[in-house]
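First up is the structure itself, then whatever we jot down about it.
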Amino acid sequence: MMAARSLHSPQRHPLTLCASLVQNPMNLGALCRTAEVWRLQELVLSNADILTDREFRKVAVSADQWQPIGICPSDRLPHWITHQQQQGIIVIALTRHPRAIALPQFTFPVQSALLLGRELTGIPDHLVQQCDAMLEIPQWGQVESLNVATAGAIAAYEYLRQYSRA
C-alpha cells in the first residue's frame, strides 16, 4: 500500500486517466483539472490541439500547465493498451458491462490506467475485451450513464481513497 502523501508532495499517484475516446472539450478540461488536483500520473488525450481550445481552457483553468499529458489517437488505443500492459500497468475499462465489477467491490492495482469511454457510445467492445478488468459505477436512476468527466472523477477518487491511507 502506498504511504499517504502531503498536499505539497512532488510525487504523483500512479493512476493514468486515458481520455483518448472523449471528444467534448469541456469534459476533457474537467478531466485535466481532476487529474492535476489529485496529482495523477498522466492524462492521455487523442491529440494536443484540444489544449488550445477555448472551452477546454475555460474548464481546465491552468491545470494543463501542471498536469503531465500524453497523446494517443483513438485509433492507436489497442497499441497503447498493450504497451501499458507490457509495462506492468493494469488497464481498466470504466464501462457498463454485465461482467464489470461494481466500484465498491473493486480493488485497484497500484499501477493502474483507467480507460474512459466516448460520450454517448462508450468504449468499443474490442477495446473493452483487451483491458485487464472492467469497472462500473453503480447507478439506480433512469438516465443510462453518468457524464464521462464525472465518472472519471468518481473512479479516480476511489483509487485515491484506497491508496491514500497512512
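Taken together, the values in this text are just the output of simple stated rules run on the coordinates, not laboratory data. Note that the structure is predicted; figures quoted are calculated from it, not measured. Here the Cβ is made from the backbone with ideal geometry for all residues, glycine too, and neighbour counts use every protein chain on show.
Could you list, in sequence order, all residues of the stretch 54-87 that are in a helix (DSSP H, G or I) and either small (Gly, Ala, Ser) or touching a residue at least 60 places away in the same chain (Cβ under 8 Å) (or both)? Don't jump to the end; show me each part of the working.
Residues of the stretch 54-87 that are in a helix (DSSP H, G or I), as a first pass: 54-60, 63-66, 74-86.
Within the stretch 54-87, Ala60, Ala63, Ser74, Trp80, Gln84 meet the criteria.
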If you take the residues of the stretch 27-83 that are within 16 Å of Ala153 (Cβ to Cβ) and among the small types (Gly, Ala, Ser), which of them is surrounded by the most Cβ atoms within 10 Å (Cβ to Cβ)? Ala35
Within the group Val143, Val110, which residue is of a type in the set (A, V, I, L, M), assigned to a loop (DSSP other than H, G, I, E, B) and touching a residue at least 40 places away in the same chain (Cβ under 8 Å)? Val110
Out of the residues in the stretch 143-166 that are closer than 17 Å to Ala93 by Cα and of a type in the set (A, V, I, L, M, F, W, C), state the one that is surrounded by the fewest Cβ atoms within 10 Å (Cβ to Cβ). Ile154
Across (1) in contact (Cβ under 8 Å) with a residue 24 or more places away in the chain; (2) outside any loop (DSSP other than H, G, I, E, B), His97 clears everything bar (2)
